[in-house]
1. Just the residues that are open to solvent by 30 Å² or more (accessible area, probe 1.4 Å) and out of contact with any Leu (no Cβ under 7 Å at 6 or more places or on another chain), please, taken from the range 98-111.
2. What pairs come out if I take residues in the range 92-119 that are more than 16 Å from residue 38 (Cα to Cα) and among the aromatic types (Phe, Trp, Tyr) and pair them with residues that are open to solvent by less than 40 Å² (accessible area, probe 1.4 Å) and assigned to a loop (DSSP other than H, G, I, E, B) whose C-beta lies under 8 Å away, six or more apart or interchain?
3. Answer yes if at least one residue in the range 49-64 is touching a Leu at 6+ places or on another chain (Cβ under 7 Å) and within 26 Å of residue 1 (Cβ to Cβ), and no otherwise.
4. Among the candidates 10, 54, single out the residue that is over 19 Å from residue 86 (Cα atoms) and open to solvent by 20 Å² or more (accessible area, probe 1.4 Å).
Amino acid sequence: QVQLVESGGGLVQPGGSLRLSCAASGSIFSINAMDWFRQAPGKQRELVARLTSGGSTYYVDSMKGRFTISRDNAKNTVCLQMNSLKPEDTAVYYCHADVMTHFSGRYSPYWGQGTQVTVSS
């Protein structure tokens, strides 16, 4: 019913930048929070940044000042601008959204398939 598709991952050198995008599609009535998570090899998936429908943002401390989350409510998209990338930012990045469909009447979590970000020289 709802699909989240990420794009924009790749290989970048330390200190470089990448911009991730996520587009939500399907029988969407409303989207509450949209987030980015990441999962590095051998580690648990962790929250990177969150942006509510009202515009409130939350960043994990290690990303503050380097990452910026933004969204276009009209297009149901969320982006993550990542600057000053470090090798420890290497991970699969996942888009997540709390979505109410035209059929559900309540918000449910949806995930994208993930996009690989590798920071290496």
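The values are calculated or read from the model by the stated rules, or taken from the named source; none is laboratory data. Bear in mind the structure is a predicted one, so any value in this text is a computation, not a measurement. Here the Cβ positions follow ideal geometry from the backbone for every residue, glycine too, while neighbour counts run over all protein chains shown. Ligands, DNA and RNA are excluded from the accessible area calculation, which covers all protein heavy atoms including side chains. Shrake-Rupley method; radii C 1.70, N 1.55, O 1.52, S 1.80 Å.
1. If the condition is that a residue be open to solvent by 30 Å² or more (accessible area, probe 1.4 Å) and out of contact with any Leu (no Cβ under 7 Å at 6 or more places or on another chain), then 98, 100, 102, 103, 104, 105, 106, 107, 109 are the ones that fit.
2. Here the result reads 103/27, each pair linking the range 92-119 to a residue that is open to solvent by less than 40 Å² (accessible area, probe 1.4 Å) and assigned to a loop (DSSP other than H, G, I, E, B).
3. Step one: filter the range 49-64 for residues touching a Leu at 6+ places or on another chain (Cβ under 7 Å), giving 49, 57, 60.
Adding the requirement that they be within 26 Å of residue 1 (Cβ to Cβ) leaves 49.
Among the residues of the range 49-64, at least one is touching a Leu at 6+ places or on another chain (Cβ under 7 Å) and within 26 Å of residue 1 (Cβ to Cβ), which makes the answer yes.
4. Numbers: 10 fails: over 19 Å from residue 86 (Cα atoms).
Sole residue among the options that is over 19 Å from residue 86 (Cα atoms) and open to solvent by 20 Å² or more (accessible area, probe 1.4 Å): 54.
Yes/no per residue for (1) touching a Phe, Trp or Tyr at 6+ places or on another chain (Cβ under 8 Å); (2) open to solvent by 30 Å² or more (accessible area, probe 1.4 Å):
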| position | (1), (2) |
| --- | --- |
| 60 | no, yes |
| 72 | no, yes |
| 77 | no, yes |
| 81 | yes, yes |
| 96 | yes, no |
